[in-house]
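Engineer: Before I ask anything, let me first share the structure, which is written out below as structure tokens.
Bear in mind that the values in this text are calculations on the coordinates, not laboratory data. Note that the coordinates shown come from a computational prediction; the quantities given were computed from them, not determined experimentally. Please note: Cβ atoms are built from the backbone with ideal geometry, for glycine as well, and neighbour counts cover all protein chains shown.
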DNA sequence: CTCCCGATAT
DNA sequence: ATATCAGGAG
């Protein structure tokens, strides 16, 4: 079977985006937060953890640590206990405290607005940086590729890559920039509902006709 | 590449 | 018992 041409992938991508928009209108992050810095903390906590669990931890966390300064001054062991149930608590505690310190020492207490500056913050990688840019300011420098976006991009035939950066590069060729932010939100919602890692429900999926993995 | 790591579904 | 969840650092 011949490999699908890029032009055909782009057309299929448009059709898929259209259907996703219809089924997931107003898709947005499900990470609860009030400020951009809180979004940053919640996103750091979301690594290898469900958003649902992050949202159980953050309300009391943000009630206790009310400012960037408060996180910067936090006792590491105590902070680790406060976020314990999200997993990776020791490394996440370091990331949260040290990134807060970096914001105060190098960015005047503001969260920077470029991928380059964000990814230099301790504990903030490319995916976390893109989440912040997209959700806080609607900036699409890149595409958020998390476990869901990677999996669905492969199932939908947009890429064969496993490395998130390579997946992102393939998506950027196929999807128009104006759709980058919404695409990730919608693929994540779709991944949680109909297209999870284990038992995708192709029978009831509205994308099945456009999906090469559908059975 | 390995390590960090708890909660949940299967 | 095992796979999976809005990853990042060494």
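Engineer: Given R₀ = 41 Å, what would the calculated FRET efficiency be for residue A:172 paired with residue A:75, taking r from the Cβ atoms and rounding to 0.05?
Structural biologist: 0.50
Engineer: Using only the alpha-carbon atoms, what does segment A:92-215 span along each of its principal axes? Please give whole angstrom values in decreasing order.
Structural biologist: 54, 29, 22 Å, listed from the longest principal axis down.
Engineer: Taking 0.36 nm per intervening residue step and subtracting the Cα-Cα distance, what contour gain separates residue A:98 from residue A:21 on full extension?
Structural biologist: Gain in length upon complete extension: 23.9 nm.
Engineer: I would also like to ask the following. Please give the Cα centre distance for segment A:136-163 versus segment A:33-86, rounded to the nearest Å.
Structural biologist: Taking the Cα centre of segment A:33-86 as reference, the centre of segment A:136-163 is 25 Å away.
Engineer: Per the Kirkwood treatment, what hydrodynamic radius in Å, one decimal, follows for chain A from the mean inverse distance over all distinct Cα pairs?
Structural biologist: Taking the inverse mean of 1/r over all distinct Cα pairs, chain A comes out at 18.2 Å.
Engineer: Please work out the FRET efficiency for the pair residue A:88 and residue A:206, using the Cβ-Cβ distance as r and a Förster radius of 35 Å; give the result to the nearest 0.05. Display every interim value, and only then the final one.
Structural biologist: Values: r = 35 Å, r/R0 = 1.00.
The computed FRET efficiency comes out at 0.50.
Engineer: Next up: Given an 8 Å cut-off on Cα distances and at least 6 residues of separation, report the relative contact order of chain A as a percent.
Structural biologist: 20
Engineer: Which value at 222 nm does chain A reach when only helices count, each DSSP H run of 4 or more adding -39,500 (n - 2.57), with the total divided by all residues and rounded to the nearest 500 deg cm²/dmol?
Structural biologist: Estimated from H runs of four or more residues: -17000 deg cm²/dmol.
Engineer: How far apart, in nm, are the 7 Å Cα→Cβ label points at residue A:32 and residue A:4?
Structural biologist: Computed distance between label sites residue A:32 and residue A:4 equals 3.8 nm.
Engineer: Taking every eigenvalue of the Cα gyration tensor of segment A:36-137, multiplying by 5 and rooting it, what semi-axes result, largest first, whole Å?
Structural biologist: Computed over segment A:36-137, the values are 19, 16, 12 Å.
Engineer: Compute the distance in nm between two label points, each set 7 Å from the Cα along the Cα-to-Cβ direction, one at residue A:137 and one at residue A:107.
Structural biologist: 0.9
Engineer: Under the Kirkwood approximation applied to all pairs of distinct alpha-carbon atoms, what is the hydrodynamic radius of segment A:1-69 in Å?
Structural biologist: This gives a value of 15.0 Å.
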